[in-house]
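Okay, so here's the structure we're looking at.
The values are calculated or read from the model by the stated rules, or taken from the named source; none is laboratory data. Computed from a predicted structure; not experimentally measured. Virtual Cβ from ideal backbone geometry, glycine too; neighbours counted across all protein chains shown.
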């Protein structure tokens, strides 16, 4: 669809046509809206990306259209939060049109939801999406026959390529402007059920006519017949009336409960229609997705493959991004520092402000920004795994492992989100039906190593494990998962006893994500780290500088307020191998955000540089030239790292040749063993403040954050102790 | 340190504390979900108003 035809606009309620976009999870609803309105809703090749309903407004052929993206559901029953959100919106808001997005490669299952939508009696337009994949499989779908059978408009679309979107919007406008002419054809669920519906409908109109205004009549009758708990509660029409009479009659006639009867009737409609409209080529060839899944989801190979995939991801992340991180480091400690000093010198700023800018802001924020390439590389690979469909397999594989140990499988989806950032992961727990599972999952999320911890790992792993940095980082991520499983089992057996509900996970087909989509979503995931650097990391860096320089004129950093506080806390960490005030202070400031651990170390460890009298600083143009040349050199290095056998040996050689100042200082303050214990502590100790606020928002109390804080501090201390003292006993150094 | 320096140091500290308060407490941090609209924190706060992007 051309940008000229569709543009973003502010809604004007009087003219707006409201369109609810509904469909199965992973049918491409968000992609379709993004294609129509040019928005950037998060998409992923795995179910459950959209948790809440979202809105976008666009203008098409002079009409304003408000698109409401509902969470993906398989049915309109009231058993999960997504279903309740979608159903409540359709029933209560009564949109002008329901835009039903149907995955053409999963027609029968998608039509089951369509059948339920038709019960609402609202005008429906069907986007027969992912049509290209169905065609590529050699399937022939007859959209005209679906139109004729259901009495709705059906438009084949390929949302990722924006194919069919103009025709789709035209159909939406046509149906929205003439709803009576496009009312869906009522489906027939069989003589007995239809008779019961008529009887119940008649009684409702007689006894509670107001309800017919509030709910679609046929839908209300069906819901009352199947004793939908929410509708029974909302209407006050229980089972002791005319409804129970009709239900009893049906049960006697068919020997089954009404819910099962209705479910069968809906499946029969979906299945029968699919048989009529879909012609599959008979083939004995196993499809590619199934072939891959036979290996990837193998009972014994599944978890090793998942761990191997993670290892490759960290290896590539480190190899690709490290040359750029070094380039950023050179930029921050060289030209940026010189320019800041020169600018402040021009305005004759006092010495302390120059120190604040260079040793506070640049050392604090700068050393976090240095790791931005690493974070973006990591987000790129996570986005790739999500988009390709592998992340859903990872959840499936881990689900089996977790479920066998008594954990709820669906919990693994928010846990996986936690690898990017723990904050949206905590909010994603609302997709879980059981409140106990929500809380338990939220308590485990901080054990998933988020991107903010990556700068700490990259700094320490690069300094102490050259050549094996990728493996060291990978081991920390695996440690987080293992700890989550163990703590989960412990909690499930103590604080959160109960049955595990069945978890059905849809496995989408493998797809190659487009480069554009990868770039957009990598940027969306990574940019908040830049925003963090400009907001609270900046603020903390300034405060840390003052704490390091107060009382005013303090000579030794150890005698500063921060140094004194660190000295008081440090003994707690002595058995863990990092009982110095510098590490203790960094861990304290790191509770705001974990990247700040590195920023604070930058401020504490880097000594004041003494300039040689005869040293002539490079000119501005020389600096620019050097930045350009070193960037090209970093790009070349990154390319070589990837090409030459993943670049392990090469990278380690580079590290040895040119050790960066901060790495050099921490090499003197830690040993490899205490450095690993420190990284494990950073992984496991209390969640950051933003996660604390998310806990408070989601559960309405600080209590569960308190629980997370307490158990994580104990766990982090215990694990770091075992690593350090255990390592010493094994003779791995002190 | 002169009174002038003290004033500016105080202003910078207050500004940093305010920035911290604003970004963590008032804005509820900033996570990838905010932009992708998959994070509920802002949704809850803007439920009453019309929202489009």
So residue A:85 fits all but one of (1) within 24 Å of residue A:524 (Cβ to Cβ); (2) at pLDDT 85 or above; what number is the exception? (2)
Please work out which one of (1) assigned to a helix (DSSP H, G or I); (2) more than 34 Å from the chain's Cα centre (by Cα) is the condition residue A:551 fails and give its number. (1)
Assigned by TED's automatic domain parsing to the domain that holds residue A:427, assigned to a helix (DSSP H, G or I), at pLDDT 80 or above and closer than 24 Å to residue A:371 by Cβ - does that describe any residue in the stretch A:654-664? yes
Mind checking whether some residue in the stretch A:386-399 is within 14 Å of chain B (Cβ to nearest Cβ) and in a helix (DSSP H, G or I)? yes
Is it the case that residue A:466 is farther than 22 Å from residue A:590 by Cβ, away from every other protein chain (no Cβ under 14 Å) and without any contact (Cβ under 8 Å) to a residue 12 or more places away in the chain? no
Go through (1) crowded, with 18+ Cβ neighbours inside 10 Å; (2) assigned to a loop (DSSP other than H, G, I, E, B) and name the single condition residue A:185 misses. (1)
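Looking at the structure I just gave you, is residue A:130 touching a residue at least 60 places away in the same chain (Cβ under 8 Å) and at positive phi? If you could, list the steps in order and put the result at the bottom.
On the way: touching a residue at least 60 places away in the same chain (Cβ under 8 Å): yes; at positive phi: yes.
So residue A:130 passes the test.
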Looking at the stretch A:365-376, is at least one residue part of a loop (DSSP other than H, G, I, E, B), more than 22 Å from residue A:550 (Cβ to Cβ), touching a helix residue (DSSP H, G or I) at 6+ places or on another chain (Cβ under 8 Å) and away from every other protein chain (no Cβ under 13 Å)? yes
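This table checks each residue for (1) surrounded by fewer than 19 Cβ atoms within 10 Å (Cβ to Cβ); (2) out of contact with any helix residue (DSSP H, G or I) (no Cβ under 8 Å at 6 or more places or on another chain); (3) more than 30 Å from residue A:589 (Cβ to Cβ); (4) at pLDDT 90 or above.
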site: A:626; (1), (2), (3), (4): yes, no, yes, no
site: A:639; (1), (2), (3), (4): yes, yes, yes, no
site: A:647; (1), (2), (3), (4): no, no, yes, no
site: A:678; (1), (2), (3), (4): no, no, no, yes
site: A:688; (1), (2), (3), (4): no, no, no, no
site: A:693; (1), (2), (3), (4): no, no, no, no
site: A:696; (1), (2), (3), (4): yes, no, no, no
site: A:704; (1), (2), (3), (4): no, no, no, yes
Six or more apart or on different chains, Cβ under 8 Å: which pairs go from a residue in the stretch A:31-42 that's at positive phi to one that's outside any loop (DSSP other than H, G, I, E, B) and modelled with pLDDT of 65 or more? Could you list them? A:38/A:58
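Can you tell me which of A:137, A:161 is within 30 Å of the chain's Cα centre (by Cα) and modelled with pLDDT under 90? I'd like the intermediate steps shown before the answer.
Details: A:137 fails: within 30 Å of the chain's Cα centre (by Cα).
After applying the criteria, what remains is A:161.
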Filter pass, residue A:527 being more than 10 Å from chain B (Cβ to nearest Cβ), surrounded by fewer than 20 Cβ atoms within 10 Å (Cβ to Cβ) and either on the phi < 0 side of the Ramachandran plot or out of contact with any helix residue (DSSP H, G or I) (no Cβ under 7 Å at 6 or more places or on another chain) (or both): no
Matching residues in the stretch A:221-241 (surrounded by 18 or more Cβ atoms within 10 Å (Cβ to Cβ) and over 17 Å from residue A:260 (Cα atoms)) number 3
Mind checking which residues of the stretch A:404-448 are at pLDDT 75 or above and away from chain B (no Cβ under 14 Å)? A:415, A:435, A:436, A:437, A:439, A:440, A:441, A:443, A:444, A:447
Kindly list, by first and then second residue, each pair from a residue in the stretch A:75-103 that is in the same structural domain as residue A:152 (by TED's automatic domain parsing) and on the phi > 0 side of the Ramachandran plot to a residue that is buried (at least 17 other Cβ atoms within 10 Å of the Cβ) and in a loop (DSSP other than H, G, I, E, B), limited to pairs with Cβ atoms under 8 Å and residues at least 6 apart or on different chains. A:94/A:122
For residue A:554, work out the one condition from (1) within 14 Å of chain B (Cβ to nearest Cβ); (2) touching a helix residue (DSSP H, G or I) at 6+ places or on another chain (Cβ under 6 Å) it doesn't fulfil. (2)
